[in-house]
Structures are given as structure tokens and as C-alpha cells.
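Report on one structure; see the data block that follows.
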Amino acid sequence: MKLQDKVAVVTGAAGGIGLAVATAFVEAGMRVVLADLDEPTLRAEVDRLAAAGAEVAGHVVDVTDAAAVEELAGVVVERFGALHVAVNNAGIVVTARSWELALEDWRRTIDVNLWGVIHGIRAFVPRILATGERGHVVNTGSMASVAPQANLAAYTATKHAVLGISDCLREELVVAGAPVGVTVVMPGMVRTRMNPSGIDASLIGAAVRSAVEDDAPYVFSDPDRMKGVRDRFDSILRAADRISYSPVAGED
């Protein structure tokens with residue numbers, strides 16, 4: 001997919017991975033709508049990018065609100081005339097043991113991380129298809145999508161779901177004969193103002209841009225945790241190898 005002059009929307013774009021992806025898209029010549037719930041930070045980043053010559057706009061959105069995400073999709077098309085790439089990136093994380101995590105934290109995590117992606121798919125995909133051009137959907141999962149960790153049950157549940165929904169969406173688009181790809185981003189630790197460890201988000205932004213260009217289904221960023229991923233899938237495959245079936249009565 002050629003990104004020059006194409007239109008993208010990125011949720012959770014006021015910082016971290018979302019801002020890094022939006023910046024990478026701008027550098028590729030795309031027109032980008034950045035969306036986030038944090039209005040002051042969002043406005044500051046949009047102004048910064050615009051001052052550097054980028055064609056960008058900002059829109060405040062709560063991704064847990066289906067109507068608000070639908071409005072965002074309309075704003076993108078109204079502002080730039082089309083939508084080609086949608087990045088469902090907004091997310092939160094709350095840590096606690098599964099049986100001690102407050103119900104309101106379970107619900108909020110599911111509302112943002114899972115329903116936010118569902119709302120994005122429902123609002124953005126029809127508009128991407130309406131262009132009749134190549135397009136792409138990027139959903140932000142996590143290493144937790146494939147390598148669960150203690151004290152992250154709610155987060156892990158949502159990120160497993162994002163991976164599954166994305167894989168289904170990809171197959172649906174193939175069956176429909178639509179020239180629209182789907183990428184799941186599964187980052188590990190990312191360096192932020194509050195977290196000095198991890199890799200710089202700009203590396204993930206560049207990797208996502210390449211994945212959209214190359215129609216790659218998955219993006220990983222944490223080589224240190226890939227052993228855990230392989231160990232988990234190896235254990236699943238070993239369990240599959242142990243399956244044995246007894247003949248049903250009456251069968252040879």
C-alpha cells in the first residue's frame with residue numbers, strides 16, 4: 001500500500017504508541033486525524049505536528065461511546081474526503097490479582113480495550129471499504145495477547161480478544177474480496193514519561209507504518225519476551241499431540 005496522500009485516523013494518539021504511529025504516518029505523507037480523550041495534550045501534539053507542516057486534525061473522543069466513535073469517523077471523511085487506514089490504539093491497564101481486581105476496573109478495561117476496538121471496526125471499516133481503494137486496519141494488542149502475565153487478567157482478556165477479532169476481521173475481508181489488510185500490534189514494554197524502561201515508541205511507529213505498507217498481519221517489538229511466546233505455543237502443540245480418540249461403538 002502506498003501511503004502518500006492517504007488518510008488515517010489514530011485513537012489514543014496524544015502520546016505513546018498512538019502518537020508514534022501518527023507521526024510515522026505523517027512522515028510518510030499521510031493526512032492524519034489524531035483522536036484522544038486527553039484534550040489538552042492532544043491539542044498540543046496536533047499543533048506541534050501542524051507547525052512542522054503536517055496535514056493533521058485533532059478530535060476528542062471517548063472510544064467507549066459507540067456514537068462518539070461513529071462521529072469521529074464522519075469527521076475524518078468530512079475533513080479529508082476519505083478514510084484509508086484506521087488505528088484502534090486507545091487502551092488502559094490496571095494491575096491486580098484476578099480475584100482482587102475491582103469489578104469497576106474489569107468493566108472499564110473491557111470497555112476501553114475491547115469495546116473501543118469493536119466500535120472502531122464498526123465505524124471505520126465501512127468507510128474504508130467505501131473508498132474502493134487499498135486500505136488497512138491496525139488494532140493494538142499486546143504481548144499479553146500471546147504471553148499472559150500475572151496480575152494482568154483484565155488487560156490480558158481484552159488483548160486476547162483483540163487478537164481474535166482481528167484475525168476474524170482479516171478472514172472476513174479476504175472472503176469479501178476487499179483490498180483491506182489487518183495488522184495486530186503486540187508490543188512489550190514501551191518507554192514513556194512515566195516508564196523509563198522499554199523501547200522507544202518511535203520504533204513501534206515505524207514498524208506499524210511498514211506493516212501497513214507490506215500488509216503484514218502482526219507486529220512484535222519485544223525480542224526478550226518471544227521465548228515465552230514460543231514456550232506457550234509449544235505447550236499447546238504438545239497437548240494437541242497427546243490427543244487420542246477411541247473408536248465410537250459400531251465403527252471399524
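The values are calculated or read from the model by the stated rules, or taken from the named source; none is laboratory data. Keep in mind the model is a prediction, meaning the values are calculated, not measured. Backbone-built Cβ (ideal geometry, glycine too); neighbour counts: all protein chains shown.
Any residue in segment 101-112 that's closer than 14 Å to N151 by Cα: show its pairings with residues that are in a helix (DSSP H, G or I) and among the polar types (S, T, N, Q) at Cβ separation under 8 Å, as long as the two are six or more apart or on different chains.
Taking only residues 6 or more apart or on different chains, the pairs are T109/T158.
Among the residues of segment 1-27, which ones are closer than 17 Å to M186 by Cα and among the hydroxyl-bearing types (S, T, Y)?
T11
Residues of segment 144-197 being at pLDDT below 95, touching a helix residue (DSSP H, G or I) at 6+ places or on another chain (Cβ under 6 Å) and closer than 17 Å to L101 by Cβ, which ones?
Those that are at pLDDT below 95, touching a helix residue (DSSP H, G or I) at 6+ places or on another chain (Cβ under 6 Å) and closer than 17 Å to L101 by Cβ: A144, P148.
I'm told T183 meets every condition in (1) over 25 Å from D105 (Cβ atoms); (2) outside any strand (DSSP E or B); (3) of a type outside the set (A, V, I, L, M) except one. Can you identify the failing condition by its number?
(2)
Could you please let me know if V208 is among the aliphatic types (A, V, I, L, M), in contact with a Leu (Cβ under 6 Å, 6 or more places away or on another chain), surrounded by 15 or more Cβ atoms within 10 Å (Cβ to Cβ) and at pLDDT 95 or above? Let's see the steps before the verdict.
Details: among the aliphatic types (A, V, I, L, M): yes; in contact with a Leu (Cβ under 6 Å, 6 or more places away or on another chain): no; surrounded by 15 or more Cβ atoms within 10 Å (Cβ to Cβ): yes; at pLDDT 95 or above: yes.
So V208 fails the test.
What number of residues in segment 150-176 are over 17 Å from W115 (Cβ atoms) and of a type in the set (A, V, I, L, M, F, W, C)? Please lay out each step first, then the result.
Our first condition is that a residue be over 17 Å from W115 (Cβ atoms); within segment 150-176, this holds for 150-153, 167, 170-176.
From what is left, the residues that are of a type in the set (A, V, I, L, M, F, W, C) are 150, 152-153, 173-176.
Number satisfying all stated conditions: 7.
For segment 1-23, which residues satisfy the criterion of being of a type outside the set (S, T, Y), out of contact with any His (no Cβ under 8 Å at 6 or more places or on another chain), within 18 Å of V117 (Cβ to Cβ) and not in a loop (DSSP other than H, G, I, E, B)?
V9, V10, G16, I17, G18, V21, A22
Might you check whether a residue that is under 18 Å from the mean Cα position of the chain (by Cα) and either surrounded by fewer than 10 Cβ atoms within 10 Å (Cβ to Cβ) or not in a helix (DSSP H, G or I) (or both) occurs anywhere in segment 231-238? Spell out the reasoning first.
Here is the first cut: in segment 231-238, the residues under 18 Å from the mean Cα position of the chain (by Cα) are none.
No, segment 231-238 has no match at all.
Can you find a residue that is under 22 Å from M186 (Cβ atoms) and in contact with a helix residue (DSSP H, G or I) (Cβ under 7 Å, 6 or more places away or on another chain) anywhere in segment 72-85?
At the first step, the residues of segment 72-85 found to be under 22 Å from M186 (Cβ atoms) are 85.
Subsequent filtering for residues that are in contact with a helix residue (DSSP H, G or I) (Cβ under 7 Å, 6 or more places away or on another chain) retains 85.
Checked against the condition, which is being under 22 Å from M186 (Cβ atoms) and in contact with a helix residue (DSSP H, G or I) (Cβ under 7 Å, 6 or more places away or on another chain), segment 72-85 yields at least one hit.
Looking for something of a type in the set (D, E) and farther than 28 Å from V229 by Cα - is there at least one such residue anywhere in segment 92-108?
Filtering segment 92-108 for residues of a type in the set (D, E) gives 100, 104-105.
Subsequent filtering for residues that are farther than 28 Å from V229 by Cα retains 104.
Yes, segment 92-108 has at least one match.
In segment 1-30, how many are among the basic types (K, R) and under 14 Å from S210 (Cβ atoms)? Walk me through it before giving the result.
Step one: of segment 1-30, the residues among the basic types (K, R) are 2, 6.
With under 14 Å from S210 (Cβ atoms) added as a condition, the list becomes 2.
Of the residues in segment 1-30, 1 are among the basic types (K, R) and under 14 Å from S210 (Cβ atoms).
Residues in segment 144-167 that are closer than 21 Å to T11 by Cα, under 15 Å from the mean Cα position of the chain (by Cα) and either surrounded by 22 or more Cβ atoms within 10 Å (Cβ to Cβ) or among the hydrophobic types (A, V, I, L, M, F, W, C) (or both): how many? Give the derivation first.
Within segment 144-167, the subset closer than 21 Å to T11 by Cα is 144-145, 154-167.
Still in the running and under 15 Å from the mean Cα position of the chain (by Cα): 144-145, 155-167.
Still in the running and either surrounded by 22 or more Cβ atoms within 10 Å (Cβ to Cβ) or among the hydrophobic types (A, V, I, L, M, F, W, C) (or both): 144-145, 155-159, 161-163, 165-166.
Residues meeting the conditions: 12.
If I ask for residues that are in contact with a strand residue (DSSP E or B) (Cβ under 7 Å, 6 or more places away or on another chain) and under 24 Å from V175 (Cα atoms), which ones from segment 105-120 would you list?
V117, G120
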